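In what follows, a structure is listed as structure tokens, so that the remarks can point back to it.
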Amino acid sequence: AQIADCGVEDIDRAVAAARRSFEAGTWSDLSPRERKRTLLAFAQQLVEHRDELAALMTIDMGKPISSSEWEVDYSAECLQWFAEALDHMYGDVAPLGPNLLGTITREPVGVVGAITPWNFPLLMPVWKFGPALGAGNSVVLKPAEQTPLIAIRLGELAATAGIPDGVFNVVPGRGEVAGQRIARHEDVDAVTFTGSTSVGRLIMGLSLIHISEPTRLLS
């Protein structure tokens, strides 16, 4: 296969699309129940395309087909779990004193950059974008350059499931270009990364140097 090797400009366009969608509220302003329905439809897309996704995974990275089938099944279950949790997540009330009451409300942070490894090319993205989308964020996903095919297909299935334009963006590319740009992008509010310790340290450093209020880094 021939896959686009996306660069800085591509990441910038994806982040800009994610920011526009977040600010417009096409996803972030939906009720948890509405987002739940769409994410359940997304999970159902994984179920309905199980054989295709499993074969694509095995072709892309060499995992035995039985392992690929398991990964698709489990990924669908995880996405269903995240979706079902959305309208069961509540804020907190903090007793501050006899005449004071503090309330804690959970809100989406904005644009989440997700960088995933090669060895679980479906499960790792689901673990990252499932909670991020569920909370109302917009996502820019950069899969490992060795295994981009599943992520590209995920982008198509997300659109079919009803995820609004600009909310879920997939940008294949190399870590030293596309990954670094996500980590140091001024308009990315949180970065979630799974991979080697050395690259994790690099991403942490990059995410801290460009703004006075550091980008959040989620393990």
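Since every read-out is calculated from the coordinates, none of them should be taken as a lab result. Quick caveat, the model's predicted, so the values are computed rather than measured. Don't worry about glycine lacking a Cβ; one is built from the backbone with ideal geometry, like all the others, and counts go over all protein chains shown.
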key: Candidate aspartates and glutamates - alpha carbon under 13 Å from residue 63, same-chain residues fewer than 8 apart omitted   = 71
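Taking Cα pairs under 8 Å and at least six residues apart, what relative contact order does the chain come out at, in percent?
Values: 395 pairs, mean separation 57.4, N = 219.
In percent, rounded to a whole number, it is 26.
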note = Projecting the Cα atoms of 90, 172, 103 onto the charge dipole of the chain, where Lys and Arg contribute +1 and Asp and Glu -1 at Cβ, the residue farthest towards the positive end is 103
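Can you list which of the GluC sites (Glu not before Pro) found in the stretch 149-207 are DSSP loop residues with at most 15 other C-beta atoms within 10 Å?
On the way: sites: 156, 176, 186; in loops: 186.
Those that pass, being in a loop and sparsely packed, are 186.
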message = Quick check for me: using +1 on Lys/Arg Cβ and -1 on Asp/Glu Cβ, what's the dipole size of the chain about its Cα centre, in debye to the nearest 20?
response = 340 debye
ask   = Given labels modelled 7 Å from the Cα in the Cβ direction, how far is it in nm from residue 66 to residue 51?
value = 2.0 nm
request  = Could you name the aspartates and glutamates whose alpha carbon sits less than 16 Å from that of residue 36, not counting residues in the same chain fewer than 8 places away?
outcome  = 77, 84, 87, 107
ask   = Which residue, 158, 144, 24, has the most motion in a Gaussian network model of the chain that connects Cα atoms within less than 10 Å?
value = 24
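As an exercise, find the ratio Rg/Rh for the stretch 1-45 from alpha-carbon atoms, using the Kirkwood inverse-distance average for Rh.
Numbers: Rg = 14.6 Å, Rh = 12.8 Å.
Computed over Cα atoms, the ratio is 1.15.
Which value at 222 nm does the chain reach when only helices count, each DSSP H run of 4 or more adding -39,500 (n - 2.57), with the total divided by all residues and rounded to the nearest 500 deg cm²/dmol?
On the way: 8 runs with 110 residues, N = 219.
Computed mean residue ellipticity for the chain: -16000 deg cm²/dmol.
Quick one: divide the alpha-carbon radius of gyration of the stretch 97-219 by 2.2 N^0.38 Å and tell me what you get. Walk me through the numbers on the way to the answer.
Values: Rg = 15.7 Å, N = 123, 2.2 N^0.38 = 13.7 Å.
So the stretch 97-219 has a normalised radius of gyration of 1.15.
If you take every DSSP beta bridge whose two residues both sit in the chain, what share of them, in percent to the nearest 5, is antiparallel?
Numbers: 5 of 20 bridges.
Roughly 25 percent of the DSSP beta bridges within the chain come out antiparallel.
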For the chain, projected area of the alpha-carbon convex hull averaged over all directions, nm² = 13.2 nm²
task = Starting from the eigenvalues of the Cα gyration tensor, five times each then square-rooted, give me the equivalent ellipsoid semi-axes of the stretch 147-203, largest first, whole Å.
result = 24, 14, 10
